[in-house]
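Quick notes on the structure that follows.
The values are calculated or read from the model by the stated rules, or taken from the named source; none is laboratory data. Just so it is clear, the structure is predicted and the values come from calculations on it, not from any experiment. Note that each Cβ is placed from the backbone with ideal geometry, even for glycine, and that neighbours are counted across all protein chains shown. Side chains included, ligands, DNA and RNA excluded: accessible areas come from the protein's heavy atoms. Shrake-Rupley method; radii C 1.70, N 1.55, O 1.52, S 1.80 Å.
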Amino acid sequence: MGTDTVRAGAADEAADRRREQRGWYFYDWACSVYSTSVLTVFLGPYLTSVAKAAADADGYVHPLGIPVRAGSFFAYSVSLSVIVAVLVMPLVGAAADRGGRKKPLLAAAAYTGAAATTGMFFLGGDRYLLGGVLLVVANAAQSVGMMLYNSYLPQIAAPEERDAVSSKGWAFGYAAGALVLVANLVLYMGHDSFGLSESAAVRVCLASAGLWWGAFTLIPLRRLRDRRSATRESTAPGFRQLAATVRDMRRHPHTLAFLLAYLIYNDGIQTVISQASVYGSEELDLGQSTLIVAVLLVQVLAVAGALALGRLARTHGAKRTILGSLVAWAVILGAGFFLPAGAPVWFFVLAAGIGLVLGGSQALSRSLFSHLVPPGKEAEYFSAYEMSDRGMSWLGPLLFGITYQLTGSYRDAIISLVAFFVIGFALLARVPVRRAISDAGNPVPERI
């Protein structure tokens, strides 16, 4: 009877865990539409065109009196949003672990971002400053929300499940992005039949991403549950908690080494994601409909890529699989430098390559890091991870913007990003992940 009771309890616990995992997947489903439709497809070219409409005769806008080339305004706005996130995330992470109440903080971040994204409907004419402010708010809020979302992974998935659970989460996000992009493509290409101008159609697509984000966030908020940490009962203020987190992370140098590697190579990934549409429209002379189809191709193949690389990790380990994906990223960017203008077919080939490595490299990085987090400090450590993910990804856009400002060439800007993948590969290759997992106090999986 005692054995039966234990088995029944274990079965109930597994069922509860799977239910929570299914709810967790839906936050990726909710917020990834922002990354796809807003950040990757529409906002870059549209905000650039709005900035150009407001520019002076020399092609410069002057936010706060600072001369900025209109073509660099979007990249600089992305960098500023990341700096804002850097300042906020450690405080939110410390508060989440200390109080054990992540859900209210996740809700606040999600609905702040959703509201700012919905407000992009009013971005028109020469209101480039409004667009910049809304981008900063939405992007910073998404970073905070993703930090809290990621910190649930080690709590809702056993060590041997995490590669698969993380990959499914990314697959959900890319599936949602593809679904909404199809609707965006229909609306944009048929805007005349809907009685909309091209500008109005873009603004509807932007705002719809905010509405989608807000609506589907209700599912994870219903299914995820808060857990009070048994090891973090301090009531210290946020900055004191941040200092304590930094001191604690110094006790885990291999975890810090992984974060440094991830900071570098993911900066390159995030910059490619946010600047690809600008590169396609401004340097390759591709139309908006071509860019939408290309990103749709990325979304569809990223679902398969995330799941396929997840399976590869079972055989070859997460670290080796990530290293292979970084080689692929460098090759893709090198090919992108030589793409001829006005040739959508070759742009689609490049998009297919990006799709196949994008989801897997991100999903496996997240699951690998979850093994390196000391128990009870998930949100604090994932705040540092999220800084390396979206939070510290300001160097890439800044380098991209400065390179274009100095050279006037988006080709020079895109090829400069190869350095992030080369350096990231070299740093990750040196991390002894098995020892790092053991030092963090976690069981070491058979294959990692």
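Could you work out the relative contact order of the range 256-411, using alpha carbon pairs under 8 angstrom and six or more residues apart, expressed as a whole percent?
41 percent
What is the extension gain from ARG225 to HIS62, computed as 0.36 nm multiplied by their sequence separation minus the C-alpha to C-alpha distance, in nm to one decimal?
Extra length from ARG225 to HIS62 when fully extended: 54.0 nm.
Just flag the chymotrypsin sites (Phe, Trp or Tyr not before Pro) in the range 296-374 sitting in loop per DSSP whose Cβ has no more than 10 other Cβ atoms within 10 Å.
Here the chymotrypsin sites (Phe, Trp or Tyr not before Pro) that fit, given the DSSP loop and packing criteria, are PHE338.
Report the relative contact order of the chain, percent, no decimals, based on alpha-carbon pairs under 8 angstrom and at least 6 residues apart.
This gives 27 percent for the chain.
Mind checking which lysines have their Cα closer than 22 Å to the Cα of LYS168? Skip sequence neighbours fewer than 8 apart in that chain.
In chain and number order, the partners are LYS102, LYS103, LYS319.
If we count every other residue with Cβ under 10 angstrom of THR403's Cβ, Lys/Arg +1 and Asp/Glu -1, where does the sum land?
0
Mind checking which aspartates and glutamates have their C-alpha under 15 Å from LYS377, skipping anything on the same chain fewer than 8 residues away?
ASP97, ASP226, GLU233, ASP248, GLU386, ASP439
What length, rounded to one decimal in nm, is gained on full extension from ALA158 through to ALA53, with 0.36 nm per residue of separation minus their alpha-carbon distance?
32.5 nm
The range 401-427 to the range 29-60: how many Å between their Cα centroids?
20 Å
Quick check: net charge around TYR188, other residues with Cβ under 14 Å of its Cβ, Lys/Arg +1 and Asp/Glu -1?
-1
Could you derive backbone 3J(HN,Hα) for the range 345-354 from the dihedral phi with the Karplus parameters 6.51, -1.76 and 1.60 (θ = phi - 60°), listing whole Hz in sequence and x where the residue is Gly or Pro?
Listing the rounded values in order: 4, 5, 5, 5, 4, 4, 4, 4, x, 4 Hz.
Against the longest principal axis of the chain, how steep is helix 102-118, in degrees 0 to 90 to the nearest 10, with axes from Cα atoms?
10 degrees
Taking the alpha-carbon centroid of each part, what is the distance from the range 84-120 to the range 266-303 in angstrom?
Each part's Cα centre sits 27 Å from the other's.
Under a Cβ-Cβ cut-off of 10 Å, what is the net charge of the residues other than MET249 that fall near it, where Lys and Arg count +1 and Asp and Glu count -1?
Value of the local net charge: +2.
To the nearest 0.05, how large is the calculated FRET efficiency for ARG314 and VAL182 if R₀ is 35 Å and r is the Cβ-Cβ distance?
My answer for the efficiency is 0.65.
Just how much of MET249 is accessible, in Å², when a 1.4 Å probe is used and the result is rounded to the nearest 10?
10 Å²
With springs only between Cα atoms under 10 Å apart, run a GNM on the chain and tell me which of GLY305, GLY169, GLY195 wobbles the most.
For the chain, modelled as a Gaussian network with Cα springs under 10 Å, the answer is GLY195.
Would you mind calculating the gained length between ALA304 and ALA200 on full extension (0.36 nm times residue separation, minus the Cα-Cα distance), in nm to one decimal?
Separation in residues times 0.36 nm, less the Cα-Cα distance, equals 34.1 nm.
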